[in-house]
Amino acid sequence: MTAPRVIMIGLDGATWRVLRPWALSGELPNLKRIIEGGATGPLRSTLPPLTPTGWTSAATGKAPGKHGVYSFFRPMRASYRRNVLNARDCRAAKIWQIVNVYGRKAGVVHLPLTYPVDRIDGFMVGGMMTPTTARDVTHPPELLDELETQIPGFTLNVDTTTIKTGRLDEFLADSIEHVRRHRHEMGYLMDTKAWDLFWIMFYNVDPIAHFFWKFMDPKHVGYPGQNPFSNAVLDIYREADLAIGEALERLGPDDHIVLLSDHGMESTHTNVHLTSWLIDEGYLVLRSERRQATSEAMYRAGFQRERLVYALKKAKLGWLPKLFPERMKDKVPRARKTFKEIENNVDWSQTRAYFPSAGGRAIWINLKGREPGGIVDPADFEALRSEIIEKLKALRDDAGQPVARMALTREEAYSGEFIADAPDIALLAEDGFYFAEGIERPVLRPNGTKNTEKSGNHHVDGIVAVFGPGVRRDFGLEGSRIVDVAPTVLHLMGLPTQKDMDGRVLEEALTAEYRETHPVAYDQARIEIEGSDFDYTDDDRGQIEARLKEMGYM
Ligand SMILES: [Zn+2]
């Protein structure tokens, strides 16, 4: 008997809301096979349900308090500048390291926060948050050349500059092509390399759902009527479904497929601009309201930096902006308002709380002794935090609907060794509401009125599916959490789950007979976590930040 293998397929931001009906109606035939032949259900994500946090919990079997990844960024400490996280910022052992301890090989392809890549027994290819021009993005290093030879057009990242200039057609075509190439890469790696655990993630499906949701959803406030993009989300999932087919074809008699997403996706009807709310409530003060007002007026007049640069490029004058100093260029507003655009304009000497939205969908107190220009006395911290939480809980839209499903203190939301970097107030929006970036009025504004705006946003419920021998057929899973994935995968590989994981084996997915012959075992592998002295070069960090900004995460 060969040792059982597991193929994990990550679909970033996948939701059963659309996938289940599409699969069952035959649009996604491979997913239909998985649903009918296996156990499927919602998968509760992390708080916040953000990509780096969710995938890190899936990979470690641990909640954020035990791995330390709460967002894309390290919080503002020594300065108000945020630093993009890298793979070394995860403080917990990952499943590929654990399977290596038990003598099993792992292939890890395109997971976020895997740069710098681990030198594992097996192979690794970087994913989201890997610098575009870096060459050291694979393990072993020569694998990159091999992929570039074998997969025509191989790249790690799609061109996101198309989003900010509103060229959605180009962005969509590029993203679908990307998934197709990743599918070919998947087949190639599965066939030519040795692996016991193979984990690939398709990250291009998430931005397509973000930016194209309103085009398929007649109930969305921004639905434009009949339009050429109504099948955009389905079309990219058709490619992902073919990838599921590649996995099914290669499944041995003892092997399993585990399908998962890091969070779900939902239609958003209302943006809640928390920075504007903090200003109105007197918690955040801008240095110059006038400067901000000028910038907003220019923005409303359609005078946007990206459009300008694009127009100049089309007129073969793309060299022109290089003649202007950065400070002058910054006066031309960008297409999407993010915290990054206003953070230099915050008067920290009068600001008590702030919402670096991409910094974790959470609110931070400008605490004396912690933030560089902190003004809130530690003695006043608790009272201020409770006051903000109470006001957030009371915040409602015109119809009287509350906007916040959760507003928790750090201590309520997290526990573990690494909660120092956790936010002061962790937030989860009610269904249909989105805690949006930047300054906009009114604070509550209909979502999706601009093409460059995200009309689908993360939901805390993602997807999970387990398929293979001993799995109950057409079974509905309930109450699965993202931390349950790693223990379940270890168990399906015939390995002990780890005592220090927060998750459990999803045994209810398995038949009584299988459970009888495969009791859950527990162990604790000893794994040295590499220190965090690595940092991106300024150039690489610039590239990653630019991409995150274009995606609206910064
Ligand atoms: Zn995601």
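The values are calculated or read from the model by the stated rules, or taken from the named source; none is laboratory data. Quick caveat: nothing in here was measured; it's all calculated off a predicted structure. Methodologically, a virtual Cβ is constructed for each residue, glycine included, from the backbone with ideal geometry; neighbour enumeration extends over all protein chains shown.
Numbers for the structure displayed
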read-out	value
Qualifying residue in segment 464-475 (condition: under 18 Å from Arg17 (Cα atoms) and within 16 Å of the ligand (Cβ to nearest atom))	yes
In segment 53-84, residue modelled with the highest pLDDT [restricted to those that are within 16 Å of the ligand (Cβ to nearest atom) and among the aromatic types (Phe, Trp, Tyr)]	Trp55
Search result, residues across segment 231-266 that are surrounded by 18 or more Cβ atoms within 10 Å (Cβ to Cβ), outside any helix (DSSP H, G or I) and away from the ligand (no atom under 16 Å from the Cβ)	Asp255, His256, Ile257, Val258
Helices (runs of 4 or more DSSP H) fully within segment 112-213 counting 2 or more residues that are of a type outside the set (D, E, K, R) and within 16 Å of the ligand (Cβ to nearest atom)	168-192
Total residues in segment 392-408, condition surrounded by fewer than 15 Cβ atoms within 10 Å (Cβ to Cβ) and either outside the structural domain of Leu444 (by TED's automatic domain parsing) or part of a helix (DSSP H, G or I) (or both)	2
Residue check, Thr165 crowded, with 17+ Cβ neighbours inside 10 Å and hydroxyl-bearing (Ser, Thr, Tyr)	yes
Residues of segment 437-454 satisfying the condition of being at negative phi, more than 16 Å from the ligand (Cβ to nearest atom) and assigned to a loop (DSSP other than H, G, I, E, B)	Glu437, Ile439, Glu440, Arg441, Pro442, Val443, Asn447, Thr449, Lys450, Asn451, Thr452, Glu453
Test: residue in segment 537-545 that is crowded, with 21+ Cβ neighbours inside 10 Å, outside any helix (DSSP H, G or I) and assigned by TED's automatic domain parsing to the domain that holds Pro131	no
Residue in segment 187-204 that is farthest from the chain's Cα centre (by Cα), counting only those that are modelled with pLDDT of 95 or more and under 27 Å from Thr162 (Cβ atoms)	Ile200
